[in-house]
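Asks: Starting off with a structure, shown below.
The values are calculated or read from the model by the stated rules, or taken from the named source; none is laboratory data. Remember, predicted model here, so these are calculated numbers, not experimental data. Methodologically, a virtual Cβ is constructed for each residue, glycine included, from the backbone with ideal geometry; neighbour enumeration extends over all protein chains shown.
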Amino acid sequence: MRAISNISRRKFMSRGVSLLAAGASMIMLPRVATATPDAVSNPMRMPGALPQLSTLEASRVAAMEGGHHANEEMSKCIQICRDCHAMCTQTIAHCLKLGGRHATPDHIRLLVDCAQMCATSADYMLRESPFHDRTCRLCSELCKLCAKDCEQVAGDDQMVKQCVEMCRRCAESCERMASKGAA
């Protein structure tokens, strides 16, 4: 019995160290990729790389990759998704401070879902995933629901009203990207 547990520990430690090393390299990879000369010609599109690309860089990379949406419209959609993610995230904190109907679990959960889906859609588009049309379709749906929900609780609160407008813009942009991917 003791021999089995020692083997299991060794396997665990070996695999654990391997996973730790892989995780560390994944964290470092976007920084290394942006620092190397070949980063633009062969970028790794990972969720961690998203905040490091400006709209101009994303546009240039998309154009160089020659994907089926390598154009300005995709770059705009990526930026709108990033902006919507930020707006929803800020609105969550704002709504929690306001309390009451602004802080209901369903409303906060929808804001979180919308923010996360916006970030995910941007990631998929940045790396020209063949599935980005599907993530954009879901992102559009969530943004519409989030805008409707925020509109119902907004009252005269300007930040929540800004979230409504941002979600609507993102829904329209993602809907266009989803329809282009399906064509």
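Asks: Here are Ser140, Ser129: which of them is at pLDDT below 95, among the small types (Gly, Ala, Ser) and under 14 Å from the mean Cα position of the chain (by Cα)?
Replies: Numbers: Ser140 fails: at pLDDT below 95.
On inspection, the qualifying residue turns out to be Ser129.
Asks: Just wondering, is there one or more residues in the range 159-166 that are among the β-branched types (Val, Ile, Thr), within 13 Å of Asp83 (Cα to Cα) and modelled with pLDDT of 95 or more? Please lay out each step first, then the result.
Replies: Of the residues in the range 159-166, the ones among the β-branched types (Val, Ile, Thr) are 160, 164.
Subsequent filtering for residues that are within 13 Å of Asp83 (Cα to Cα) retains 164.
Narrowing further to those that are modelled with pLDDT of 95 or more: 164.
Looking for residues that are among the β-branched types (Val, Ile, Thr), within 13 Å of Asp83 (Cα to Cα) and modelled with pLDDT of 95 or more, one finds at least one in the range 159-166, hence yes.
Asks: Condition first: in the same structural domain as Cys77 (by TED's automatic domain parsing), farther than 17 Å from Asp83 by Cα and assigned to a helix (DSSP H, G or I). Can you find one or more residues in the range 119-129 that meet it?
Replies: Keep residues of the range 119-129 that are in the same structural domain as Cys77 (by TED's automatic domain parsing), which gives 119-129.
In the following step, the residues that additionally are farther than 17 Å from Asp83 by Cα were identified as 127-129.
In the following step, the residues that additionally are assigned to a helix (DSSP H, G or I) were identified as none.
Looking through the range 119-129, none of the residues is in the same structural domain as Cys77 (by TED's automatic domain parsing), farther than 17 Å from Asp83 by Cα and assigned to a helix (DSSP H, G or I).
Asks: Being of a type in the set (D, E, K, R), farther than 11 Å from Cys88 by Cβ and part of a helix (DSSP H, G or I) is the requirement here; does Asp106 meet it?
Replies: yes
Asks: Let me ask something additional. Kindly indicate whether any position in the range 99-106 is closer than 16 Å to Ala178 by Cα and of a type outside the set (Val, Ile, Thr).
Replies: No, that holds for no residue.
Asks: Quick check, is Lys97 out of contact with any Pro (no Cβ under 6 Å at 6 or more places or on another chain), more than 13 Å from Met166 (Cβ to Cβ) and assigned to a helix (DSSP H, G or I)? Steps first, please.
Replies: Working: out of contact with any Pro (no Cβ under 6 Å at 6 or more places or on another chain): yes; more than 13 Å from Met166 (Cβ to Cβ): yes; assigned to a helix (DSSP H, G or I): yes.
Yes, satisfied.
Asks: Taking the range 128-168 only, how many residues are within 20 Å of Glu73 (Cα to Cα) and buried (at least 19 other Cβ atoms within 10 Å of the Cβ)?
Replies: So the answer is 9.
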